[in-house]
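For reference, the structure is listed below as structure tokens.
Since every read-out is calculated from the coordinates, none of them should be taken as a lab result. No experiment lies behind these values; they were computed from the predicted model shown. FYI the Cβ positions are ideal-geometry reconstructions off the backbone, even for glycines, and counts take in every protein chain you see.
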Amino acid sequence: MRRACSVLCVVGAVLPFARAASAQRPPEWGTPSAREPVPEASSVPAPPPPPRADGESTWYGWQPVISDAATILATSALAGLPNQGTLTMATFSAGYGLVPPIVHLAHGRPVIAALDLAVRVSALAIGFETGSLASANCGQNNPESGSGGCQLAGAFVGAAIGALGAMVLDAAVLSWDPPAAREAPTTARGFTWSPALVWTKDHSGLGLHGTF
């Protein structure tokens, strides 16, 4: 009886402590209260690469050359016909002052088109005025032709020289397409990442989930 009483006393003394220890024990991993919060995914965008010039310039001067050659031939043919002065001037004005700038516009170069038109008109006007001034006294050596006709002929010669200079400048200097711009190869890309913590009764693990 004494032994049974001793055992019962010991058990009665240990049970309160066991219950207290069980109440103070922290919750196990895997329960909702013990899981660590998973941080939200963060995104780091990469800046777009700047475009770079690649390749060489492309010459398309043969197009205004063909246009100018056709203008010269058509103007010369019409000038030899009687009573075709108005048509001759209209043909020359359209072929000389309009078609080459339109060629530049077709290549997507409006600034060059405006510059070409300005150069052509200026060269024609400067050549005409220079030829007129240079031949102002040419009639004194030939009184039969008169000074007016001689000066007008000199003005047309000067205008023709100026027009030819503008044609050469257009084909040789202005008729170059710039190198094609393309995007540089992408060296850095944006990525998204987030840690992943898994803890269950069967297995546990810690990983990193990302999109590159």
In order through region 154-168: 3J(HN,Hα) via Karplus (6.51 cos²θ - 1.76 cosθ + 1.60), integer Hz, x for Gly, Pro: x, 5, 5, 5, x, 5, 5, 5, x, 5, 5, x, 5, 5, 5
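About the Cα centre, and with charges only on the beta carbon of Lys, Arg (+1) and Asp, Glu (-1), how big is the dipole of region 52-183? Nearest 20 debye, please.
Details: 4 positive and 9 negative charges, 25 e Å.
With only Lys, Arg, Asp and Glu charged at Cβ, the dipole is about 120 debye.
Using Cα-Cα distances under 8 Å and only pairs 6 or more residues apart, what relative contact order does region 52-183 have, in percent? List each step's numbers first, then the result.
Working: 171 pairs, mean separation 49.3, N = 132.
Across region 52-183, relative contact order equals 37 percent.
Can you work out the FRET efficiency for the pair His107 and Ala136, with r the C-beta to C-beta distance and R0 = 35 Å, to the nearest 0.05?
Between His107 and Ala136 the formula returns 0.25.
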Length released on extending from Ser122 to Ser76, taking residue separation times 0.36 nm less the Cα-Cα span: 14.4 nm
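Kindly rank 63-76, 159-172 from highest to lowest mean number of other beta carbons found within 10 Å of each residue.
Values: 63-76: 16.4, 159-172: 18.6.
Going from most to least packed, we get 159-172, 63-76.
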